[in-house]
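Asker: Before anything else, here's the structure in question.
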Amino acid sequence: MKNSKPISQSKQQKVIDELVGQRVSINPGFFDAELITALYQELVGLEKQEQLRAAHIGKQQQRAQIRDIRGDAIHWINAETDAQRRFLAEMTQLQNALNQQLFLGLTELEAHYAHYPPGMGYQKHLDSFQNNNLRRITIVVYLNPDWQKDDGGELEIYDDDEVIAKVLPLGGTLVCFVSEEIPHKVAITRRERFSIAGWFRVRDTAAAPTS
């Protein structure tokens, strides 16, 4: 795995302009094939080794595992491999560009792999927890080497109750949107579906300082 590559200014600017104008940005082919292949192979290996855990919904006391609502299994990305480090480095470039132009004060990216088996999806939801809006920009990265419309598993993006976009989870695509404003849903998939979900966050100023 080579070192991270600079993300082109035009790709970064497209994301920024569309977030400002539409609150959503859809970017097929944002990542190069080498990185996507490495991330895909890593996630497939984690799934085969049973290193994924069923995802939960809610936060703290309201946290629950309800497969009928959310059917993926996850593994947090923490820079433990070359592929993860390159991915995080490239996302840091985007984070810096967002901060420079939009003054968002983003301080970190939290991200995890996600695997949806056939027959699973994620019902319509927002990514910002109630009374906690530390997540500002959601990112979704697709790793699947090929995908057809009949495979299902589209990301459905809403404006209130109206679906305004459906995104096929084709490898290399990056989707970004404003976390606390954009409801979205993962439609039921008919085949194994591999992706990364993440959130650019701001610092929790209410957290107790560490000594």
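The values are calculated or read from the model by the stated rules, or taken from the named source; none is laboratory data. For clarity, every value in this text was computed on a predicted model and none was experimentally measured. Methodologically, a virtual Cβ is constructed for each residue, glycine included, from the backbone with ideal geometry; neighbour enumeration extends over all protein chains shown.
Asker: What are the residues in segment 24-38 that are part of a loop (DSSP other than H, G, I, E, B) and surrounded by 15 or more Cβ atoms within 10 Å (Cβ to Cβ), if any?
Answerer: Phe30, Phe31
Asker: Pick from segment 8-23 the residues that are more than 23 Å from Asp159 (Cα to Cα) and not charged (D, E, K, R): which of them is surrounded by the fewest Cβ atoms within 10 Å (Cβ to Cβ)?
Answerer: Among those residues, the one meeting the criterion is Ser10.
Asker: What are the residues in segment 77-117 that are buried (at least 21 other Cβ atoms within 10 Å of the Cβ) and in a loop (DSSP other than H, G, I, E, B), if any?
Answerer: Ile77
Asker: Condition first: touching a strand residue (DSSP E or B) at 6+ places or on another chain (Cβ under 7 Å), hydrophobic (A, V, I, L, M, F, W, C) and farther than 18 Å from Ala89 by Cα. Now tell me which residues in segment 1-40 satisfy that.
Answerer: Matches in segment 1-40: Leu19, Val24, Ile26.
Asker: Restricting segment 118-135 to residues that are not in a strand (DSSP E or B) and not polar (S, T, N, Q), which is modelled with the lowest pLDDT?
Answerer: Selected residue: Asp127.
Asker: Taking segment 118-132 as the region of interest, how many residues are surrounded by 14 or more Cβ atoms within 10 Å (Cβ to Cβ), touching a Ser or Thr at 6+ places or on another chain (Cβ under 8 Å) and not charged (D, E, K, R)?
Answerer: Residues in segment 118-132 being surrounded by 14 or more Cβ atoms within 10 Å (Cβ to Cβ), touching a Ser or Thr at 6+ places or on another chain (Cβ under 8 Å) and not charged (D, E, K, R): 5 in total.
Asker: Pairs please, first residue from segment 1-23 and within 30 Å of Thr81 (Cβ to Cβ) and outside any helix (DSSP H, G or I), second anywhere and at pLDDT 95 or above and of a type in the set (S, T, N, Q), Cβ atoms under 7 Å, 6+ apart in sequence or on different chains.
Answerer: Once the first residue is within 30 Å of Thr81 (Cβ to Cβ) and outside any helix (DSSP H, G or I) and sits in segment 1-23, its partners that are at pLDDT 95 or above and of a type in the set (S, T, N, Q) give Pro6/Gln93; Ile7/Gln93.
Asker: Follow-up question, since we're still on this one. Modelled with pLDDT under 95 and more than 21 Å from Leu143 (Cα to Cα): is that true of Gln101 in this structure?
Answerer: No: the conditions fail for Gln101.
Asker: Give the residue, chosen from Ala111, Ala97, that is in contact (Cβ under 8 Å) with a residue 24 or more places away in the chain and either over 20 Å from His56 (Cβ atoms) or out of contact with any strand residue (DSSP E or B) (no Cβ under 6 Å at 6 or more places or on another chain) (or both).
Answerer: Answer to the selection: Ala97.
Asker: Among the residues of segment 172-186, how many are part of a loop (DSSP other than H, G, I, E, B) and either modelled with pLDDT under 95 or touching a Lys or Arg at 6+ places or on another chain (Cβ under 8 Å) (or both)?
Answerer: Going through segment 172-186 one residue at a time, the tally reaches 5.
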